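Structure record follows, encoded as structure tokens.
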Amino acid sequence: MRSLVRVGFALLVPVLMAPLARAGDGLALTPPMGWNSWNKFGCNVSEKLIRAAADALVSSGMKDAGYQYVVIDDCWQVRRDAAGKIVADPERFPSGIKALADAVHAKGLKFGIYSDAGTMTCAKRPGSKDHEAQDAKAYAEWGVDYLKYDWCNTDGQDTRDSYAKMSQALRASGRPIVFSICEWGNSKPWTWAQGIGHLWRATGDIQDCWDCGKSWGGMGVVHIIDLMADLHAFSGPGHWNDPDMLEVGNHGLTLPENRAHFSFWALFAAPLMAGNDLAAMKPAIRDILTNREVIAVDQDPLGMQGRKVRDDGAHEVWIKPLADASRAVILFNRGTEESPITASWEEIGLFPGGKAVVRDLWKKADVGSFTGRFQAKVEPHGVVMLRITPQF
Ligand code: GLA
């Protein structure tokens, strides 16, 4: 009898442990959400700006909608002291980073910071190379909850080794710190970074435009959507493909393009790091960033990245399976004319002859119950985003 119990227990343990094993250290079980200074403010960061962003995150309702991390990107650091400790810009951060982290925490938010695996950051501030343990210790002492770690000035360094070194240093610091790998997808981090970082950039730097491209690798929203299309197998709880931070509200996109951008990031289960000026945000932009039904698609506990199931040139259908057996569906119109786009139940993985309830996530309304297919008119450079729930 006792041996039967033992066998039963031995069989049960792997089952009980499975979610933990899959999720690594238990951090970032859903894609991280927050705000980062870079897209709008570049090097123009200060404690005043970061405090104002934290205030606005709360007052705009974004914190209540799930945004949590307030992250200072490049340019907060100026030098190392005689002992090698990284020093924050005393003019822009006169109270120091610990006081700033405390202020962010006091609002019920989490605090993030930025460094680089090389000798210098992309903006030529001191990088963390050969200071990994020292920097990780400083971050832990300051109360850092999230580190974005860039890849400039890394000549001759091995990518995996460099990121693994900081990953280990963060773990050794004793503080749970989400680790965001930022090497622009160069070495296909989706093939090696699970267990090292919680998210990894899959593409070059996003630009505030629909389809522009820069010679140095920056790219518009639509190019990033295309680069993400084949990466759905590599994302999941604790290990996310990162198509870069949001440009929603930064003036280079029309309202339909902003909605399309946000819808795709949610379908990709992407980290949702707002990158706009929160204090000056217009209501229409706040309504996009705080659409809870779209955010629920991003944060769905199944953690599956969505994928394209139909490509008719200008018209596409994308789906993301959700934990409750429904599907998030994007009808995407790349063209310049309003057009009808149809999704059939078969292509979105539902019983072809079955009935399903269709909800429009931007109209925030049920459209009705349909059998076999659903068609909607989609504006140019726009999406209709749906949640389709089978009726059994
Ligand atoms: C790189 C990153 C950006 C930003 C800048 C800062 O380009 O990809 O997201 O962090 O560096 O210099």
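Results, tabulated for the structure shown:
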read-out: Any hit, the range 220-236, residues being within 26 Å of LEU302 (Cα to Cα), of a type in the set (Gly, Ala, Ser) and either touching a strand residue (DSSP E or B) at 6+ places or on another chain (Cβ under 7 Å) or within 16 Å of the ligand (Cβ to nearest atom) (or both); value: yes
read-out: One residue from GLY195, GLY143, GLY127 being within 15 Å of the ligand (Cβ to nearest atom) and either out of contact with any Phe, Trp or Tyr (no Cβ under 7 Å at 6 or more places or on another chain) or not hydrophobic (A, V, I, L, M, F, W, C) (or both); value: GLY127
read-out: Residue count, the range 167-191 (criterion: aliphatic (A, V, I, L, M), more than 13 Å from the ligand (Cβ to nearest atom) and within 18 Å of TRP240 (Cβ to Cβ)); value: 3
read-out: Subset of the range 336-363 [β-branched (Val, Ile, Thr) and either closer than 18 Å to LEU267 by Cβ or in a strand (DSSP E or B) (or both)]; value: ILE341, THR342, ILE348, VAL357, VAL358
read-out: Restricting the range 130-140 to residues that are crowded, with 17+ Cβ neighbours inside 10 Å and in contact (Cβ under 8 Å) with a residue 40 or more places away in the chain, the residue that is nearest to the ligand (Cβ to nearest atom); value: ASP135
read-out: Boolean, THR203 is touching a residue at least 12 places away in the same chain (Cβ under 8 Å), in contact with a helix residue (DSSP H, G or I) (Cβ under 8 Å, 6 or more places away or on another chain) and within 12 Å of the ligand (Cβ to nearest atom); value: yes
read-out: In the range 114-124, residue farthest from TYR69 (Cα to Cα) [restricted to those that are outside any strand (DSSP E or B) and near the ligand (Cβ under 10 Å from one of its atoms)]; value: LYS124
read-out: Residue in the range 153-164 that is free of Cβ contacts under 8 Å to residues at least 24 places away in the same chain and of a type outside the set (Gly, Ala, Ser) present; value: yes
read-out: Subset tally (residues that are free of Cβ contacts under 8 Å to residues at least 40 places away in the same chain, surrounded by fewer than 14 Cβ atoms within 10 Å (Cβ to Cβ) and not acidic (Asp, Glu)) for the range 70-89; value: 2
read-out: Cβ-Cβ under 8 Å pairs, at least 6 apart or on other chains, the range 344-366 side loosely packed, with under 15 Cβ neighbours inside 10 Å, far side charged (D, E, K, R); value: GLY349/ARG327; PRO352/GLU346; LYS364/GLU293; ALA365/ARG359; ASP366/ARG359; ASP366/ASP360
read-out: Residue tally, condition free of Cβ contacts under 8 Å to residues at least 60 places away in the same chain and within 14 Å of ALA284 (Cα to Cα), over the range 230-274; value: 7
read-out: Filter result for LYS63 (assigned by TED's automatic domain parsing to the domain that holds ILE196, touching a residue at least 12 places away in the same chain (Cβ under 8 Å) and either within 19 Å of the chain's Cα centre (by Cα) or outside any loop (DSSP other than H, G, I, E, B) (or both)); value: yes
read-out: ARG286 out of contact with any helix residue (DSSP H, G or I) (no Cβ under 6 Å at 6 or more places or on another chain), in a strand (DSSP E or B) and more than 16 Å from the ligand (Cβ to nearest atom); value: no
read-out: Meets criteria (assigned to a helix (DSSP H, G or I) and not small (Gly, Ala, Ser)) for ASP130; value: no
read-out: Some residue of the range 90-101 being within 16 Å of the ligand (Cβ to nearest atom) and without any contact (Cβ under 8 Å) to a residue 60 or more places away in the chain; value: yes
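The values are calculated or read from the model by the stated rules, or taken from the named source; none is laboratory data. Just so we're clear, the structure is a prediction, and the values are computed from it rather than from any experiment. Neighbour counts are summed over all protein chains in view; Cβ atoms, including those assigned to glycine, are modelled from backbone coordinates with ideal geometry.
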